[in-house]
Amino acid sequence: MLVSEAKGHRFDSCRARHKIKGLQFPAEFLSFFVPTAHPICAPLQLPILALPAEWRWVTVQAINLSFFPKEQRMNRNDVTEMIVAAKIAKGLKWADVAAKVGLSKEWVTAGCLGQMTFDARQATVLGEVFGLPGQAVLLLQEVPYKGSLPTAVPTDPLIYRFYELVSVYGTTLKALIHEEFGDGIMSAIDFKMDLQREADPKGDRVNIVMSGKFLPYKTY
């Protein structure tokens, strides 16, 4: 069931079971949707797309635990694997996927690889692009456990080059940033990155530009 398919369908907390497009959900998982149900069990009309963000995580967990059989439950890593497999099968490029979502290829790729949170519209677009099931579309809207590397020191040769870069230039970057801005850090949240192929007669180069907001330490 895609999020878009749930639009307009509502839950009634008084009933023993609840249906969306013919799918039945046990009543007990309504408590995940409505933390403060009326004691008289008055009908609570709650469109699924109107759920506050702070309820959304437990909503997906409720769907996983209360509706889908154990063997059918998935997590964000499962969704990432489905996306990568579909991308290969369909011959897609990350830049083309990002264009459909309407955001940068760097951010959308990070999200598709499990490191960012999509809103309902973006997740629905990705569901259509990759042919994802409804459970996966919902999981794309959940805040992931960030961190994509399996080891502290990366073993993949390409990723290791960035580890090597920080090992060699890390103290230089720290000295120059502090000299220019003062005591603080460069944000990786208020952040953007652009990766381009740079033509060069001696061999094409990887051009990466990173821009992060400077965050000074505060006195208190």
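Among residues of segment 70-93 that are surrounded by 14 or more Cβ atoms within 10 Å (Cβ to Cβ), those with a Cβ under 9 angstrom from a residue that is of a type in the set (D, E, K, R), sequence gap 6+ or separate chain, pair up as 76/142; 87/93. Only helices (runs of 4 or more DSSP H) whose full extent lies in segment 116-220 are considered here, and the ones with at least 2 residues that are in contact (Cβ under 8 Å) with a residue 12 or more places away in the chain and under 30 Å from residue 81 (Cβ atoms) are 120-130, 134-139. Of all residues in segment 182-200, none are among the aromatic types (Phe, Trp, Tyr), over 21 Å from residue 103 (Cα atoms), surrounded by 10 or more Cβ atoms within 10 Å (Cβ to Cβ) and outside the structural domain of residue 104 (by TED's automatic domain parsing).
So if I check each of 92, 126, 103, which one is of a type in the set (A, V, I, L, M, F, W, C) and within 19 Å of residue 208 (Cα to Cα)? Exactly one residue qualifies, and that residue is 103. Could you tell me whether segment 157-164 includes any residue that is touching a helix residue (DSSP H, G or I) at 6+ places or on another chain (Cβ under 7 Å) and either within 21 Å of residue 116 (Cβ to Cβ) or surrounded by 12 or more Cβ atoms within 10 Å (Cβ to Cβ) (or both)? Checking segment 157-164: not a single residue is touching a helix residue (DSSP H, G or I) at 6+ places or on another chain (Cβ under 7 Å) and either within 21 Å of residue 116 (Cβ to Cβ) or surrounded by 12 or more Cβ atoms within 10 Å (Cβ to Cβ) (or both). If a residue has to be more than 18 Å from residue 94 (Cα to Cα) and touching a strand residue (DSSP E or B) at 6+ places or on another chain (Cβ under 7 Å) to count, how many in segment 182-197 make the cut? Selection size over segment 182-197: 9.
From the list 147, 182, the one residue that fits, being at pLDDT 95 or above and small (Gly, Ala, Ser), is 182. Just one of (1) farther than 22 Å from residue 189 by Cβ; (2) within 10 Å of the chain's Cα centre (by Cα); (3) not aliphatic (A, V, I, L, M) fails for residue 81. It is (2). The sole residue among 132, 173, 113, 149 that is under 11 Å from the mean Cα position of the chain (by Cα) and of a type in the set (A, V, I, L, M, F, W, C) is 113.
The values are calculated or read from the model by the stated rules, or taken from the named source; none is laboratory data. Just so we're clear, the structure is a prediction, and the values are computed from it rather than from any experiment. Don't worry about glycine lacking a Cβ; one is built from the backbone with ideal geometry, like all the others, and counts go over all protein chains shown.
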